[in-house]
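Quick notes on the structure that follows.
The values are calculated or read from the model by the stated rules, or taken from the named source; none is laboratory data. All values reported here derive from a predicted model rather than from experimental measurement. Here Cβ is always computed from backbone atoms with ideal geometry, including for glycine, and neighbour counts include all displayed protein chains.
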Amino acid sequence: MTAPLHDVDLVRLPRRRFSPGQAVLRRVGFALALVVFVALVVLISRDGYVDSAGGEISLLDAIYYGSVTTTTTGYGDISAVSPSARLMATLLITPARILFLILVVGTTVEVLTDQSRTLIATRRWRKRVRNHYVICGFGSTGQAAAADLLARGVKKEEIVVVDASPAALEVAAEQEFVSVEGDATKNAVLEQAGIIDARKVVVAPNRDDTAVLITLTVRELNKTAHIVAGGREQENLHLLRQGGADEVIDATAAVGRMLGLATHTPEAVGVLDDLIAAGTGIELAEIELAQGQRPPAGCAIVAVIRNGKRMSLHDIDADALVVGDRLIIVRETGLPAEH
């Protein structure tokens with residue numbers, strides 16, 4: 001019987017990961033290095049050792065002694081008889097034997113405790129995650145959105161990725177994002193991403209019908225989060241708005257407009273691309289005027305939003321701005337503004 005999603009922890013915290021093969025090879029390599037180390041110690045001080053079979057201690061004998069010593073088998077057919085050989089065995093070979101045992105025991109303990117460490121780390125993360133950003137869908141669109149958020153000053157630990165694709169989750173892990181494996185249309189999956197306490201949500205799956213269902217689910221769980229959703233078909237955009245999205249991006253039309261603009265004014269496309277991309281010299285920003293605040297010096301006002309409506313620049317100037325107006329400005333990268 002399959003366990004309910006509520007009972008399964010789907011959160012993946014970013015950390016350095018080794019494949020099982022790499023982990024085994026690292027430990028085998030370290031163990032072999034200890035055997036070689038002991039063999040070299042015996043070989044260097046071979047005059048202080050005696051072989052029960054007679055004859056001089058050879059390289060093969062030294063390696064044999066190193067293997068039976070580190071594994072604590074200790075057949076006793078090669079023994080340290082001189083004081084110097086016994087001293088070297090005490091100071092060098094005995095610590096190597098202890099390290100070998102620690103390596104074997106440590107491997108077993110690590111396998112047994114790895115799941116417990118992950119569980120504890122996940123619980124700690126759940127306690128502190130608040131007012132974060134959730135990206136539903138980590139394909140090319142979701143990855144671009146995450147990169148833009150980082151460029152605008154959002155910290156990696158404030159971003160949570162939700163996707164059902166192992167390949168997408170692997171990319172998220174490489175970029176050190178916390179991720180949740182699962183279908184973002186399901187309440188249980190979004191709850192594991194902390195959707196109830198999320199500040200903003202980006203909806204960027206590969207299908208419009210999925211985007212609509214994710215938007216509906218997010219809005220049901222979080223009434224106040226700012227939801228930004230992307231759609232590909234014009235006929236589906238109104239469904240995203242009705243589902244609760246605060247902002248809807250027409251991805252297909254946006255690309256088409258850029259292509260049309262590039263046909264007639266190719267230089268303008270470069271400027272527009274700079275405005276959209278954060279950290280490239282100039283960028284668009286939005287600020288809200290507070291009591292006694294004036295528009296930032298050196299910034300150009302391109303739009304004024306008052307009471308939720310965009311006002312014409314012909315109807316208003318800088319002296320007519322009031323507290324609460326939201327200004328869309330063009331500024332140099334690095335100047336402070338609201339997120």
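Descriptive notes on the structure:
- Filtered residue count, segment 302-339, keeping only those that are surrounded by 13 or more Cβ atoms within 10 Å (Cβ to Cβ) and modelled with pLDDT of 70 or more: 14
- Taking segment 179-282 as the region of interest, the strands (runs of 3 or more DSSP E) fully inside it that hold 2 or more residues being among the small types (Gly, Ala, Ser) are 226-231.
- Scanning segment 284-300 for residues that are in contact with a helix residue (DSSP H, G or I) (Cβ under 9 Å, 6 or more places away or on another chain), surrounded by 13 or more Cβ atoms within 10 Å (Cβ to Cβ) and farther than 14 Å from Thr333 by Cα yields a count of 1.
- Residues (without any contact (Cβ under 8 Å) to a residue 60 or more places away in the chain and among the charged types (D, E, K, R)) located in segment 127-155: Lys127, Arg128, Lys155
- Residues in segment 287-310 that are in a strand (DSSP E or B) and under 22 Å from Leu272 (Cα atoms): Ile287, Ala300, Ile301, Val302, Ala303, Val304, Ile305, Arg310.
- Boolean, Ala144 is of a type in the set (A, V, I, L, M), surrounded by fewer than 22 Cβ atoms within 10 Å (Cβ to Cβ) and either within 20 Å of Ala254 (Cβ to Cβ) or not assigned by TED's automatic domain parsing to the domain that holds Ala245 (or both): yes
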